[in-house]
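Have a look at the structure below before the remarks.
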Amino acid sequence: MQYFVQQLINGLTLGSIYGLIAIGYTMVYGIIGMINFAHGDIFMVGAFTALIVFLILGALFYSVPVVIALLVMMIVAMLLTSLYNWTIEKVAYRPLRGSFRLAPLITAIGMSIALSNFVQVTQGPRNKPIPPMVSTVYNIEGISVSLKQIVIVIVTALLLALFWYLVNRTSLGRAQRACEQDRKMAALLGIDVDRTISITFVMGAALAAVAGTLFLMYYGVIAFSDGFTPGVKAFTAAVLGGIGSLPGAVLGGLMIGFIESMWSAYFSIDYKDVAAFSILAIVLIFLPSGILGRPEVEKV
């Protein structure tokens with residue numbers, strides 16, 4: 001039982017990171033119906049930005065409190081990735097918004113490759129490690145819970161609550177929901193559709209940057225190729241939870257995290273990805289819209 005609970009805690013931590021990335025996928029898809037496959041690489045860029053900020057802080061100051069260092073890393077990573085995503089949306093996606101459906105998808109894949117190769121050229125192909133930032137571990141009746149795991153879960157819960165409030169209780173959220181239902185009608189009612197979509201991309205990038213910073217803090221290493229696999233799994237989490245639903249994205253992320261953790265613990269770690277995608281296929285057979293997703297209503 002102790003081992004089982006330990007794996008639950010590990011799965012909760014991993015799933016929280018996937019959930020943060022998945023929210024960005026689901027927000028963009030909910031408004032413009034597009035899968036931003038560059039989102040996983042935005043997560044990776046956020047992690048690298050946090051790494052560079054950490055190294056700069058270490059070089060400039062003899063000692064910086066961990067809380068302040070993490071906050072500075074998150075803020076700078078959020079600002080830079082938001083700028084990246086805003087630029088990508090304006091330059092690469094907006095001109096293709098009225099084109100055939102495959103054009104933005106192909107462009108998104110191209111932007112993903114471009115970002116990955118840009119980081120590989122500028123930062124090198126090797127893994128980039130950092131010293132442990134948070135090493136406190138609590139032992140409760142044979143179960144180990146690290147402080148960084150607690151931080152990840154709390155940050156995910158707070159950000160989910162904040163973004164749920166923004167989407168459901170603010171004027172920006174009303175504009176986003178109006179654009180989700182009908183962009184042309186929203187524009188006729190005075191909503192700046194382009195601005196709303198750009199802000200949505202910025203919000204998704206900010207969440208990906210937080211996830212990248214937490215990923216770096218948790219694992220202590222990052223590489224240029226680390227955007228692809230978490231990005232695909234976060235997309236899987238968004239689909240599993242119900243793409244278009246913020247709580248569904250986090251729920252899907254937690255499910256993927258639990259599946260991976262349990263499969264690695266009790267079966268072969270080599271097939272944990274197969275298990276996660278198999279569960280996705282089984283769930284979508286019975287719930288085509290995902291666990292919390294709403295079925296699409298055709299407008300006539």
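The values are calculated or read from the model by the stated rules, or taken from the named source; none is laboratory data. Since the structure is predicted, the reported quantities are computational estimates derived from the model, not experimental observations. Backbone-built Cβ (ideal geometry, glycine too); neighbour counts: all protein chains shown. In case anyone asks, the SASA skips ligands and DNA or RNA and just uses the protein heavy atoms, side chains included. Shrake-Rupley method; radii C 1.70, N 1.55, O 1.52, S 1.80 Å.
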Can you tell me which residue in the range 23-60 is surrounded by the most Cβ atoms within 10 Å (Cβ to Cβ), limited to those that are among the β-branched types (Val, Ile, Thr) and more than 15 Å from Thr200 (Cα to Cα)? Val45
Subset of the range 236-254 (residues that are open to solvent by 50 Å² or more (accessible area, probe 1.4 Å) and within 20 Å of Val274 (Cα to Cα)): Leu251
Name the pairs: first residue in the range 77-103 and farther than 19 Å from Leu207 by Cβ and in contact (Cβ under 8 Å) with a residue 24 or more places away in the chain, second residue aliphatic (A, V, I, L, M) and in a helix (DSSP H, G or I), Cβ to Cβ under 8 Å, at least 6 apart or on different chains? Arg94/Ile197; Arg97/Ile32
Reported set for the range 132-155 where residues are part of a helix (DSSP H, G or I) and of a type in the set (D, E, K, R) is Lys148
Are there any pairs with C-beta distances below 9 angstrom linking a residue in the range 127-153 that is touching a residue at least 40 places away in the same chain (Cβ under 8 Å) to a residue that is among the charged types (D, E, K, R) and open to solvent by less than 60 Å² (accessible area, probe 1.4 Å), with the two at least 6 apart or on different chains, and if so which? Asn127/Asp226; Pro132/Lys148; Met133/Lys148; Val134/Lys148
Thr213 vs. criteria open to solvent by less than 20 Å² (accessible area, probe 1.4 Å), under 30 Å from Pro131 (Cα atoms) and out of contact with any Cys (no Cβ under 9 Å at 6 or more places or on another chain): yes
Members of the range 183-198 found to be among the β-branched types (Val, Ile, Thr) and surrounded by fewer than 17 Cβ atoms within 10 Å (Cβ to Cβ), listed by number: none
Write out, first by first residue and then by second, each pair whose Cβ atoms fall under 8 Å of each other, whose residues are 6+ apart or on separate chains, and whose first residue, in the range 182-201, is free of Cβ contacts under 8 Å to residues at least 24 places away in the same chain while the second is of a type in the set (Val, Ile, Thr) and in a helix (DSSP H, G or I). Ala186/Val193; Ala186/Thr196; Ala187/Val193
Go through the range 255-272 and report how many residues are out of contact with any Lys or Arg (no Cβ under 8 Å at 6 or more places or on another chain) and open to solvent by 10 Å² or more (accessible area, probe 1.4 Å). 12
